[in-house]
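Scroll down for the structure; my scribbles are underneath it.
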Amino acid sequence: MKSVFLISDNVITSLGFNTGENAAKMRERCSGVLLSEDHFISPTPFYASLVKTPILEESFGRLNSKEGYTRLEKMIITSISDALNKTKIDPASNDTLFIISTAKGNIDLLENKYKERVPKERLKLAVMARVISSFFKNPNQPLVISNACISGSVAILLGKRILNEGKYRNVIVAGGDVISEFTVSGFQSFKAIGSGPCKPYDEGRDGISLGEGAGTVILSVEPENNTSIAVIGGAITNDANHISGPSRTGEGLFLAIDGALKDASICAEEIDYISGHGTATNYNDEMESKAIHSAKLELVPMNSLKGYIGHTLGAAGIAESVMAAYSMKNNILFATAGFSKMGVTQPVNVLSDCIEKKVNRVLKTAAGFGGCNAALIFEKQ
């Protein structure tokens, strides 16, 4: 089986428009989750992590595009462009495939924001993906992964498997979602949005903070530098428990973690750090703690980044994997913003402060509506 390397990346969130900017803010424990009073999105104020529109327009404008694109398309294209600028990859090559991950895609087209400038056909995820890949003149049909909040993690694992088959040399995995009236009202109907910035794993947690953004990882069979991060394992499961709630036992996520360890041919003792899902809802964090305990990983340092950037839905698995790779390269683990007192029944080693630690192997967990679960393992080589 060929090694698959993460050779370039980008993250766009409320904290910044590249990986370094996001990391610098996380080191300083700056949160981008703020009170929003945008009445076009919600009649009542809510906490969320929103990308700064003027900076997005300026960044996208530098790409010299004159066609009409949606907010999400601009985010994803800008993210991919930044990641590509750090490589020698030709995105127009037959050897390069695009995989796009998203939970809702151009859902804000339902709100008539774009009127006649953007056709409603772009609500179709396949059409949106083709618009993005066509920007880079890629000749291949892009793939779309839309599997709730594990979409980004699944897209990375799919990219690895495709490269292992040998049909392509590079896979550009990019994902994103925007905050819209549709998205916010949906989570409000579940009473799942927190009363303030989210507090993953904390005793006082009361719900998620939504976030918008985009993330990109470029996977290749050829490493481009001395410090290479490889995707060495992954697994996907579904606990078939409930349309929105996870299994209370955490068994589905445990099976994903166990499957990823077996796929990577390593044991739990070899994991140095866990990049957790940590949505700050009562059920998710409790379930995740049980899964990690069942996998005998309860002593491994772990965090959730959602207190900094919110839950970015289809971008979450990618953005959080990028920041995990940053941690591996720089031997630093970020604190969990919002966490102060353990609030799950199976104690796990949640980081309340930034620490320096040599990190060679990382487990990334993810869970989503419909009982879907995913786990990825990265290794520094």
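Some points to look at:
- Where strands (runs of 3 or more DSSP E) fall wholly inside the stretch 117-221, the ranges with 1 or more residues that are among the polar types (S, T, N, Q) and at pLDDT 95 or above are 170-177, 213-220.
- Filter result for THR53 (farther than 30 Å from ALA264 by Cα, among the polar types (S, T, N, Q) and at pLDDT 95 or above): yes
- Filtered residue count, the stretch 173-202, keeping only those that are hydrophobic (A, V, I, L, M, F, W, C) and in contact with a helix residue (DSSP H, G or I) (Cβ under 6 Å, 6 or more places away or on another chain): 6
- GLU212, sole failed condition from (1) in contact with a helix residue (DSSP H, G or I) (Cβ under 6 Å, 6 or more places away or on another chain); (2) surrounded by 24 or more Cβ atoms within 10 Å (Cβ to Cβ): (1)
- Those strands (runs of 3 or more DSSP E) lying entirely in the stretch 269-381 with at least 3 residues of a type in the set (A, V, I, L, M) and surrounded by 24 or more Cβ atoms within 10 Å (Cβ to Cβ): 361-368, 372-380
- Restricting attention to the stretch 1-51, the residues that are more than 11 Å from TYR308 (Cβ to Cβ) and surrounded by fewer than 16 Cβ atoms within 10 Å (Cβ to Cβ) add up to 14.
- Taking the stretch 278-311 as the range and being in contact with a Cys (Cβ under 9 Å, 6 or more places away or on another chain) and polar (S, T, N, Q) as the test, the residues that pass are THR279, THR281, SER304.
- Conditions (1) at pLDDT 95 or above; (2) under 19 Å from LEU305 (Cβ atoms): number failed by ASP95: (2)
- The residue list ILE55, ILE100, ILE76, ILE89 contains one member that is outside any strand (DSSP E or B), in contact (Cβ under 8 Å) with a residue 24 or more places away in the chain and closer than 26 Å to GLY370 by Cβ, which is ILE76.
- Just one residue in the set ARG205, ARG248 is under 25 Å from GLY343 (Cα atoms), buried (at least 17 other Cβ atoms within 10 Å of the Cβ) and either among the charged types (D, E, K, R) or without any contact (Cβ under 8 Å) to a residue 24 or more places away in the chain (or both); that residue is ARG205.
- When ILE218, ILE179, ILE271, ILE172 are checked against the criterion of being under 29 Å from HIS293 (Cβ atoms), touching a strand residue (DSSP E or B) at 6+ places or on another chain (Cβ under 9 Å) and of a type in the set (A, V, I, L, M, F, W, C), ILE271 stands alone in meeting it.
The values are calculated or read from the model by the stated rules, or taken from the named source; none is laboratory data. Just so it is clear, the model here is predicted, and its values are computed rather than measured. Please note: Cβ atoms are built from the backbone with ideal geometry, for glycine as well, and neighbour counts cover all protein chains shown.
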